[in-house]
Amino acid sequence: MVDGRGARRAPAGHRRPSHLRGGPDVERVGTASVVSCVEHGPIGLHGLGTAYTCTADVRWDDGRTERRTFPVGQLTPAVHGMAVPVYEDVADTRGDGTELGRNDTAAWSQARVPLLLVGGVVVLVLCMGALRSTYRLFRGPERKETKRERRPIGRTRSAEQRKAAQVLAT
């Protein structure tokens, strides 16, 4: 379907959650207003730091209103009372695949692969440095060779040349 601006729109029921390109196709979009939040942390199942599971009143674009609990990290008490754009995505597979989220999370989905690659390179470089340091620690001190240590005493170049001259003379 094409709207008046010539932009292609998804069929009803499959709308993009964000004006950003590359966002996932979702069932419904709307706005949420945070009612209450539960704090998790500073150390817990959700990692280090403080995270929140928030309950919000959601007004969907079709006019229906309902109270929903959002997953950890989607909403915070800082947006209490504000209208926050949200989406609901129902998975096409079996099981409970309903996902609620904030619309601005679509921007980070595009940066995920480059950020993972950069993080992987940083971890690889740090591991290589740690392995090199460990090797040098257990290898012992480096010894510098001197010229005397390279050749046995009495076998200098000039001594070898004299010996070769004597052999040729006989």
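The values are calculated or read from the model by the stated rules, or taken from the named source; none is laboratory data. Note that the structure is predicted; figures quoted are calculated from it, not measured. Quick reminder, even Gly has a Cβ in these numbers, built from the backbone with ideal geometry, and neighbours come from all protein chains shown. Areas reflect the complete protein model, heavy atoms only, side chains present, ligands, DNA and RNA absent. Shrake-Rupley method; radii C 1.70, N 1.55, O 1.52, S 1.80 Å.
Within segment 48-85, the only residue that satisfies the criterion of being of a type in the set (A, V, I, L, M), within 13 Å of SER33 (Cβ to Cβ) and in contact with a Gly (Cβ under 7 Å, 6 or more places away or on another chain) is VAL58. Condition check for LEU115 on (1) assigned to a helix (DSSP H, G or I); (2) out of contact with any helix residue (DSSP H, G or I) (no Cβ under 9 Å at 6 or more places or on another chain); (3) modelled with pLDDT of 85 or more: one failure, at (2).
Before we move on, is ARG132 at pLDDT 80 or above, more than 19 Å from the chain's Cα centre (by Cα) and surrounded by 10 or more Cβ atoms within 10 Å (Cβ to Cβ)? So ARG132 passes the test. Among residues of segment 71-89 that are more than 15 Å from THR53 (Cα to Cα) and without any contact (Cβ under 8 Å) to a residue 24 or more places away in the chain, none has a Cβ under 7 angstrom from a residue that is open to solvent by 50 Å² or more (accessible area, probe 1.4 Å) and not in a loop (DSSP other than H, G, I, E, B) at a sequence gap of 6+ or on a separate chain.
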